[in-house]
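Enquirer: This is the structure, below, for whatever I ask next.
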Amino acid sequence: MTDCLFCKIVAREVPADIVHETDRTVAFKDINPTAPVHILVIPREHVEDAAAITPEYADDLAALVVAAREVAEAHGVAGPDRGYRLVFNVGPDATNSVPHLHLHVIGGRAMTWPPG
Ligand code: 5GP
Ligand code: ZN
């Protein structure tokens with residue numbers, strides 16, 4: 001997608017603080033963090049959101065979740081006495097604002113449930 005912000009981050013046309021990369025994924029710090037650790041893991045290939053995922057997408061989806069675990073481990077929020085939240089926002093009620101699939105990795109503070 002030529003006019004997609006996160007595709008431009010993948011293409012290095014828009015700067016971002018990239019912290020992790022694989023052949024299928026890129027992870028970078030959220031520009032407006034909601035916790036001490038707030039990193040977005042995205043597929044290199046453009047997919048609009050989690051509602052657009054099909055069974056053929058299984059390998060990319062697994063790659064996103066594995067990358068999220070590696071990001072959490074690298075940022076010290078994994079492990080039995082810590083924890084983190086993985087979030088896909090879909091649609092306006094969930095405040096989805098960027099139409100390129102992104103998995104939020106949020107951690108470094110105690111969280112509450114249900115989310116706001
Ligand atoms: P959403 O609400 O769509 O699930 O999350 C989009 C996230 O992208 C937000 O947390 C927002 O702070 C982040 N974001 C929006 N624009 C940029 C940007 O240009 N750079 C980075 N690093 N994060 C962004
Ligand atoms: Zn995109």
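The values are calculated or read from the model by the stated rules, or taken from the named source; none is laboratory data. None of these values were measured; they are calculated from a predicted model. Every residue, glycine among them, receives a Cβ derived from its backbone with ideal geometry; neighbour counts consider all protein chains shown. The accessibility values were calculated without ligands, DNA or RNA, using every heavy atom of the protein model including side chains. Shrake-Rupley method; radii C 1.70, N 1.55, O 1.52, S 1.80 Å.
Enquirer: In region 21-34, is there at least one residue being of a type in the set (D, E, K, R), within 16 Å of ligand 2 (Cβ to nearest atom), free of Cβ contacts under 8 Å to residues at least 12 places away in the same chain and in a loop (DSSP other than H, G, I, E, B)?
Expert: No, that holds for no residue.
Enquirer: Same structure again: Out of the residues in region 65-84 that are open to solvent by 50 Å² or more (accessible area, probe 1.4 Å) and over 24 Å from I53 (Cβ atoms), state the one that is nearest to ligand 1 (Cβ to nearest atom).
Expert: It comes out as H75.
Enquirer: Tally time: how many residues in region 85-116 are under 14 Å from V41 (Cα atoms) and open to solvent by 60 Å² or more (accessible area, probe 1.4 Å)?
Expert: Number of matching residues: 3.
Enquirer: To continue, here is another question. Failed condition for H20, given (1) within 26 Å of A110 (Cα to Cα); (2) open to solvent by 50 Å² or more (accessible area, probe 1.4 Å), with all others met?
Expert: (2)
Enquirer: From the set of residues in region 40-63 that are among the hydrophobic types (A, V, I, L, M, F, W, C), open to solvent by less than 40 Å² (accessible area, probe 1.4 Å) and assigned to a helix (DSSP H, G or I), which is nearest to ligand 2 (Cβ to nearest atom)?
Expert: This residue is A50.
Enquirer: Looking at region 64-78, is at least one residue out of contact with any Gly (no Cβ under 6 Å at 6 or more places or on another chain), closer than 26 Å to T2 by Cα, assigned to a strand (DSSP E or B) and modelled with pLDDT of 95 or more?
Expert: No - not one qualifying residue is present in region 64-78.
Enquirer: If you don't mind, another one. Out of everything in region 1-17 that is open to solvent by 30 Å² or more (accessible area, probe 1.4 Å) and within 11 Å of ligand 1 (Cβ to nearest atom), what residue ends up being nearest to G91 (Cα to Cα)?
Expert: For region 1-17, the residue satisfying everything is L5.
Enquirer: State all residues of region 79-116 that are under 20 Å from V65 (Cβ atoms) and touching a residue at least 60 places away in the same chain (Cβ under 8 Å); if no residue qualifies, say none.
Expert: Listed by number, the residues that qualify are V98, H100, H102, L103, H104, V105, I106, G107, G108, M111.
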